1. Looking at region 126-151, which of the residues that are acidic (Asp, Glu) and over 16 Å from the mean Cα position of the chain (by Cα) is most open to solvent (accessible area, probe 1.4 Å)?
2. Conditions first: (1) surrounded by fewer than 16 Cβ atoms within 10 Å (Cβ to Cβ); (2) under 14 Å from the mean Cα position of the chain (by Cα). Gly66 passes all but one, so which condition is the exception?
3. Given the condition touching a helix residue (DSSP H, G or I) at 6+ places or on another chain (Cβ under 9 Å) and either surrounded by 13 or more Cβ atoms within 10 Å (Cβ to Cβ) or at pLDDT 95 or above (or both), answer yes or no: does some residue in region 46-59 qualify?
4. Give the number of residues within region 118-136 that are among the basic types (Lys, Arg) and not in a helix (DSSP H, G or I).
5. Taking the residues in region 73-117 that are basic (Lys, Arg) and not in a strand (DSSP E or B) as candidates, determine which candidate is least open to solvent (accessible area, probe 1.4 Å).
Amino acid sequence: MTIEQNTAEENSTAPAHTELWVERTGTRRYTGRSSRGAEVLIGSQDVDGVFTPGELLKIALAACTGLSSDRPLSRRLGDDYDATIRVSGDADHENEVYPRIEEVLEVDLSELDPDAAQRLLVVVERAIDAVCTVGRTIKAGAEVDLKIVTD
């Protein structure tokens, strides 16, 4: 068996790749779509009912933090625990970057004794640092390759 055959076999059992794209739907308005049927409305800050790309970046980070912390928190607190991750960060418009993004994970640990709560927080922080792909990408920086295709 060749390496190529092994790779093909491994890929056949892997979940299908989700395609993502954005379509222009109006002036300063776009709809982000996935091949799994999800949609998100995107636009500039002066358009009602849409997320800006920067807001989506921050929401993606907060969601990744939530998903990364879900297992350790649910193991200790039960599947029905409540959590909110607030995320913020002002843009540096001169340089077109977000120099700092702040997250606050709100979760009730009052049923745990202080030592158990502290141990859980250490486990949660380690889990987020280890598996939050969005956070790890932002911290490491990512190379972006843009190709423009014309008719």
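1. Of the residues in region 126-151, the ones acidic (Asp, Glu) are 129, 143, 145, 151.
Next, only the ones that are over 16 Å from the mean Cα position of the chain (by Cα) stay: 143, 145, 151.
Details: Glu143: 157, Asp145: 117, Asp151: 200 Å².
Once the filter is applied, the top-ranked residue is Asp151.
2. The failed condition is (1).
3. Taking region 46-59 and keeping what is touching a helix residue (DSSP H, G or I) at 6+ places or on another chain (Cβ under 9 Å), we get 51, 57.
When the remaining residues are screened for being either surrounded by 13 or more Cβ atoms within 10 Å (Cβ to Cβ) or at pLDDT 95 or above (or both), the result is 51, 57.
Scanning region 46-59 turns up at least one residue that is touching a helix residue (DSSP H, G or I) at 6+ places or on another chain (Cβ under 9 Å) and either surrounded by 13 or more Cβ atoms within 10 Å (Cβ to Cβ) or at pLDDT 95 or above (or both).
4. 0
5. Residues of region 73-117 that are basic (Lys, Arg), as a first pass: 75-76, 86, 100.
Now drop any that are not not in a strand (DSSP E or B), which leaves 75-76, 100.
Values: Arg75: 178, Arg76: 121, Arg100: 158 Å².
Ranking the qualifying residues of region 73-117, first place goes to Arg76.
Yes/no per residue for (1) touching a Leu at 6+ places or on another chain (Cβ under 8 Å); (2) within 25 Å of Val97 (Cβ to Cβ); (3) assigned to a loop (DSSP other than H, G, I, E, B):
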position: His17; (1), (2), (3): no, no, yes
position: Val22; (1), (2), (3): no, yes, no
position: Gly32; (1), (2), (3): yes, yes, no
position: Arg36; (1), (2), (3): no, no, yes
position: Val40; (1), (2), (3): yes, yes, no
position: Gln45; (1), (2), (3): no, yes, yes
position: Gly49; (1), (2), (3): yes, no, yes
position: Gly54; (1), (2), (3): no, yes, no
position: Lys58; (1), (2), (3): no, yes, no
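The values are calculated or read from the model by the stated rules, or taken from the named source; none is laboratory data. These numbers were taken from a predicted model, which means no experiment stands behind them. Cβ coordinates were reconstructed from backbone atoms using ideal geometry, including for glycine residues, and neighbour counts include every protein chain displayed. Just the protein is used for accessible areas: all its heavy atoms, side chains included, with ligands, DNA and RNA removed. Shrake-Rupley method; radii C 1.70, N 1.55, O 1.52, S 1.80 Å.
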